[in-house]
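Colleague: Attaching a single structure in structure tokens format; questions to follow.
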Amino acid sequence: MISNILCSALLAATIFSQNTKASTFDASASNNLALYWGQNSAGDQESLATYCEKGDANIIILSFLYEYPSTVGLNFADACSSTFADGVLDCTTIAADILTCQDLGVKILLSLGGSSGSYGFTGDDEATAFATTLWDYFGEGSGTDRPFGDSIVDGFDFDIENNSDTGYTALVTELRSIFASNGTKDYYISAAPQCPYPDAGVGDLLLNADVDFAFVQFYNNYCNLGTTNFNWDTWKDFAENDSYNKDIKIFLGLPGSSGAASSGYQSNLSVVEDAVATMSESSSFGGIMLWDASQAYDNTVDDESYAADMKSIVDNYESTTTSSSSATSTASTTSKTSSSSSTKQSTTTSSSTSTSSTKQSTTTSSSSSTSSTKQSTTTSSSSTSTISKSSTTSSESTYTPTESKTTTTLAPSTTTTSSAAASTTSTVESSSRSTTTLAPSTTTTSINWNEPLTTETITLPNGVVTTSHVWWLPETTTINTWEQPLTTETITLSNGAVTTTHIWWLPESTTTTASSIATSTASSASTTVAPTTATSQTSSSTSTQTASSTVTDAALASAIALNKEYESGLSSTCTNGDMACDAEGNFALCGADGKWSIFECSTGTTCFAYTQSDEVFIGCNWSYEKSTFE
């Protein structure tokens, strides 16, 4: 009996050893793999420790601390639901897993922000004070209701997607001071900007505070990997010339599967490999980030998990770079030119029945004769169950995550030309590469402005928010001869991120008019709906009035009109990047396939069009505010 027990124990220990791989973390390396964990994006999220034991990740970011500073609101989907008396999550399993991960060499960061939630600071003083709260709750401080008990995170990540950067530089500066005076280990700070530069949420933070890693989201944007607008060079230049920390590491952020983001997933591994080959030439490259762990391990490409594929790619180029002076290996080399992928809905693994197989793989850089031989272990499971993908929410949390890191940003370019023949052409190029050419009439016409004439989409260059503007022109009758721009007006948005120049075309002779068609330049794209025309009239008097005084009222009218439209449901067709709300209050985003993807809003929020200053936003907002825009 005892002999059998000992044999069973040894067998279990052997299986555990085969399935557990330690990770080596080096903050200065270029082959780190970072995974976000906590939001159960794929619907079958495993424990934090399970992903650490797979041995691919060097950094795992817990997501999210979505509500602060007045309260400490955490959400890790179904991974934690117990709370203290004050409502703060009490995550004992995650606490134990953090220790397991750290013993395996994996760094654990806590991410603040996300695509949903109520967070942000009124000023630097409030942000500075919150540094002590973070230290007491998650660091080496003296908090009582600590969500992770005695476990201590290795730092903090900032995924700020609410377009407000107030206070974060002050917060990180204070955290650095606390780390230096009270910390007993190394702590790290990271940020997760969108790829359009600069980022509205963490742009100031990256320029003015000591940040170790930037997990740049090269997806859900016009600057996705694999597009002609892929802007690694911009981020490389930032790291080398503008970053506060000149040793900052820039990560290639990608979706872990096709279901992890609306755009930007790369099933063709050669696209990723080619990018890493170029990026790894810079000392600013740090590795690859994936959203998220559940998606990256459910997704299999070339018989490996996508996470393992990504780790292999960065390891190959790290080893080539660091061993360039070593003797040439005789190992064979192969080049991946195509890949096929499959995504599992869910997988349940029984450690007692798992088996392992070992294969030898060798790779070499195309620019070097040095090759590295890597031993990798893959583990197969004997039991599999399918779980339908659904949104999972803690029963004791009021926060329901929808989809983090799914902000779609359009950054079209617009060119405006005019000719002596009195014609104006604006070419609109959106992220879906569609082009609309506008050619206003060159004859004198009477235009009855009895409907909305212009829908304009303006994208801030920081990329966090796509803002849809619907410009409404008052009902009036005008006689226009479009000859040349007479007035140029510069409007600076309230956040100061972009200045939009409008050329207001005024008629040669006109009756009283309140405004005229605006053709935007800079980083905005305009689509003008042709107005109705009536019989030409003549007037000897001309009266003009700038439209800037009516912009705010026009924005409110636009939001109300959009919400009225949303009550009827979504249109049957859409264009990649379009945003809307469905009749049930869910957020809808049109994908490259021309179909709507639906995202459920958090508890207490619903999707509708609303305004801030002179801008119209479409997305999830507090339900009680909707009546203002109906």
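The values are calculated or read from the model by the stated rules, or taken from the named source; none is laboratory data. Model, not experiment: these values are computed from the prediction. Methodologically, a virtual Cβ is constructed for each residue, glycine included, from the backbone with ideal geometry; neighbour enumeration extends over all protein chains shown.
To keep it simple, each residue is scored yes or no on (1) surrounded by 14 or more Cβ atoms within 10 Å (Cβ to Cβ); (2) assigned to a loop (DSSP other than H, G, I, E, B).
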position	(1), (2)
A561	yes, no
K564	no, no
G569	no, yes
C574	yes, yes
A580	yes, no
A583	no, yes
D593	no, yes
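Colleague: Whether any residue in region 559-571 is of a type in the set (F, W, Y), within 30 Å of E67 (Cβ to Cβ), touching a Ser or Thr at 6+ places or on another chain (Cβ under 7 Å) and modelled with pLDDT of 50 or more is what I want to check.
Modeller: no
Colleague: Within region 586-627, count every residue that is among the small types (G, A, S) and in contact with a helix residue (DSSP H, G or I) (Cβ under 8 Å, 6 or more places away or on another chain). So that I can check it myself, show each step before the final result.
Modeller: Our first condition is that a residue be among the small types (G, A, S); within region 586-627, this holds for 588, 591-592, 594, 597, 602, 604, 609, 613, 619, 623, 627.
Then drop every residue that is not in contact with a helix residue (DSSP H, G or I) (Cβ under 8 Å, 6 or more places away or on another chain), which leaves 604, 609, 613.
Qualifying residue count, region 586-627: 3.
Colleague: Out of R176, R146, which single residue is more than 23 Å from N75 (Cα to Cα) and either surrounded by fewer than 22 Cβ atoms within 10 Å (Cβ to Cβ) or of a type in the set (D, E) (or both)? Spell out how you get there, then give the answer.
Modeller: Numbers: R146 fails: more than 23 Å from N75 (Cα to Cα).
Within the list R176, R146, the selection yields R176.
Colleague: Another question about this same structure. Out of E67, E46, I need the residue that is farther than 16 Å from S190 by Cα, assigned to a strand (DSSP E or B) and modelled with pLDDT of 95 or more. Which one? Lay out the reasoning, then the answer.
Modeller: Numbers: E46 fails: assigned to a strand (DSSP E or B).
None of the others qualify; the one that does is E67.
Colleague: Taking only pairs six or more apart or across chains, which ones have beta-carbon atoms under 8 Å, a first residue in region 203-224 that is under 17 Å from I288 (Cβ atoms), and a second residue that is among the basic types (K, R)?
Modeller: D212/K249; F213/K249; A214/K249; Q217/K405; Y219/K405; N220/K405
Colleague: Then there is this: Pick from I189, I178: which is part of a strand (DSSP E or B) and over 16 Å from the mean Cα position of the chain (by Cα)? Break it down into steps so the answer makes sense when it comes.
Modeller: On the way: I178 fails: part of a strand (DSSP E or B).
Result of the check over I189, I178: I189.
Colleague: If you don't mind, there's one more thing I want to ask. Which condition breaks for Q102 when tested against (1) outside any helix (DSSP H, G or I); (2) touching a strand residue (DSSP E or B) at 6+ places or on another chain (Cβ under 8 Å); (3) surrounded by fewer than 21 Cβ atoms within 10 Å (Cβ to Cβ)?
Modeller: All conditions pass for Q102, except number (1).
Colleague: Test each condition in (1) buried (at least 16 other Cβ atoms within 10 Å of the Cβ); (2) part of a helix (DSSP H, G or I); (3) at pLDDT 50 or above for T321 and report the one that comes out false.
Modeller: (3)
Colleague: Looking at S283 and the list (1) surrounded by 22 or more Cβ atoms within 10 Å (Cβ to Cβ); (2) farther than 15 Å from A34 by Cα, which single condition is not satisfied?
Modeller: Among (1) surrounded by 22 or more Cβ atoms within 10 Å (Cβ to Cβ); (2) farther than 15 Å from A34 by Cα, S283 violates only (1).
Colleague: Scanning region 70-89 for residues that are crowded, with 18+ Cβ neighbours inside 10 Å and not aliphatic (A, V, I, L, M), which turns out nearest to E304 (Cα to Cα)?
Modeller: Of all residues in region 70-89, those crowded, with 18+ Cβ neighbours inside 10 Å come to 72-77, 79-80, 88-89.
Now restrict to residues that are not aliphatic (A, V, I, L, M): 73, 75-76, 80.
On the way: G73: 36, N75: 30, F76: 26, C80: 29 Å.
Applying the filter and picking the extreme gives F76.
Colleague: Also: Scan region 596-630 residue by residue and report those that are in contact with a Ser or Thr (Cβ under 9 Å, 6 or more places away or on another chain) and in a loop (DSSP other than H, G, I, E, B).
Modeller: Of everything in region 596-630, those that are in contact with a Ser or Thr (Cβ under 9 Å, 6 or more places away or on another chain) and in a loop (DSSP other than H, G, I, E, B) turn out to be E600, C601, S602, T603, G604, S613, D614.
Colleague: Might you check whether a residue that is under 27 Å from the mean Cα position of the chain (by Cα), closer than 26 Å to K185 by Cβ, assigned by TED's automatic domain parsing to the domain that holds D56 and part of a loop (DSSP other than H, G, I, E, B) occurs anywhere in region 81-88? Steps first, answer last, please.
Modeller: Taking region 81-88 as the starting set, the residues that turn out to be under 27 Å from the mean Cα position of the chain (by Cα) are 81, 88.
Applying the additional criterion that residues be closer than 26 Å to K185 by Cβ yields 88.
The next check asks that each one be assigned by TED's automatic domain parsing to the domain that holds D56; those that pass are 88.
From the residues that got through so far, the ones that are part of a loop (DSSP other than H, G, I, E, B) too are 88.
Checked against the condition, which is being under 27 Å from the mean Cα position of the chain (by Cα), closer than 26 Å to K185 by Cβ, assigned by TED's automatic domain parsing to the domain that holds D56 and part of a loop (DSSP other than H, G, I, E, B), region 81-88 yields at least one hit.
Colleague: Within the set of pairs 6+ apart or on separate chains, which have a first residue in region 75-101 that is free of Cβ contacts under 8 Å to residues at least 40 places away in the same chain, a second that is assigned to a loop (DSSP other than H, G, I, E, B) and of a type outside the set (A, V, I, L, M), and C-beta atoms under 7 Å apart?
Modeller: As it stands, the answer is none, since no pair meets every condition given.
Colleague: Additional query: I'd like to check something: does region 50-57 contain any residue that is over 30 Å from D212 (Cα atoms), in the same structural domain as D154 (by TED's automatic domain parsing) and at pLDDT 95 or above? Before the answer, list the steps.
Modeller: Restricting attention to region 50-57, the residues satisfying the condition of being over 30 Å from D212 (Cα atoms) are none.
No, there is no match, as no residue in region 50-57 is over 30 Å from D212 (Cα atoms), in the same structural domain as D154 (by TED's automatic domain parsing) and at pLDDT 95 or above.
Colleague: How about region 196-217: which of its residues are in a strand (DSSP E or B) and of a type in the set (G, A, S)? Outline the logic, then answer.
Modeller: First, pick out the residues of region 196-217 that are in a strand (DSSP E or B): 213-217.
The one that is in a strand (DSSP E or B) and of a type in the set (G, A, S): A214.
Colleague: Give me a count of the residues in region 224-233 that are surrounded by 15 or more Cβ atoms within 10 Å (Cβ to Cβ) and either under 10 Å from Y197 (Cα atoms) or charged (D, E, K, R) (or both).
Modeller: Count: 1.
Colleague: State whether the residues of region 27-36 include one that is buried (at least 18 other Cβ atoms within 10 Å of the Cβ), touching a Cys at 6+ places or on another chain (Cβ under 9 Å) and not β-branched (V, I, T). Before you say what the answer is, go through the steps one by one.
Modeller: Step one: of region 27-36, the residues buried (at least 18 other Cβ atoms within 10 Å of the Cβ) are 29-36.
Among the residues that remain, those that are also touching a Cys at 6+ places or on another chain (Cβ under 9 Å) are: none.
No, region 27-36 contains no residue that is buried (at least 18 other Cβ atoms within 10 Å of the Cβ), touching a Cys at 6+ places or on another chain (Cβ under 9 Å) and not β-branched (V, I, T).
Colleague: Quick one: is N245 in contact with a helix residue (DSSP H, G or I) (Cβ under 7 Å, 6 or more places away or on another chain) and surrounded by fewer than 19 Cβ atoms within 10 Å (Cβ to Cβ)? Show your work before the answer.
Modeller: Details: in contact with a helix residue (DSSP H, G or I) (Cβ under 7 Å, 6 or more places away or on another chain): no; surrounded by fewer than 19 Cβ atoms within 10 Å (Cβ to Cβ): yes.
Against the criterion (in contact with a helix residue (DSSP H, G or I) (Cβ under 7 Å, 6 or more places away or on another chain) and surrounded by fewer than 19 Cβ atoms within 10 Å (Cβ to Cβ)), N245 does not qualify.
Colleague: May I ask you to list the residues in region 218-239 that are assigned to a loop (DSSP other than H, G, I, E, B), more than 16 Å from A277 (Cβ to Cβ) and under 16 Å from the mean Cα position of the chain (by Cα)? Can you show your working first?
Modeller: Going residue by residue through region 218-239, those that are assigned to a loop (DSSP other than H, G, I, E, B) are 218-220, 222-231.
Cutting the leftovers down to more than 16 Å from A277 (Cβ to Cβ) gives us 219-220, 222-224, 227-229, 231.
Those that are assigned to a loop (DSSP other than H, G, I, E, B), more than 16 Å from A277 (Cβ to Cβ) and under 16 Å from the mean Cα position of the chain (by Cα): Y219, N220, Y222, C223, N224, N231.
Colleague: Here are T542, T528, T552, T535: which of them is at pLDDT below 90, closer than 30 Å to K595 by Cβ and over 27 Å from the mean Cα position of the chain (by Cα)? Full working, then the answer.
Modeller: Numbers: T542 fails: closer than 30 Å to K595 by Cβ; T552 fails: closer than 30 Å to K595 by Cβ; T535 fails: closer than 30 Å to K595 by Cβ.
None of the other options fit; the residue is T528.
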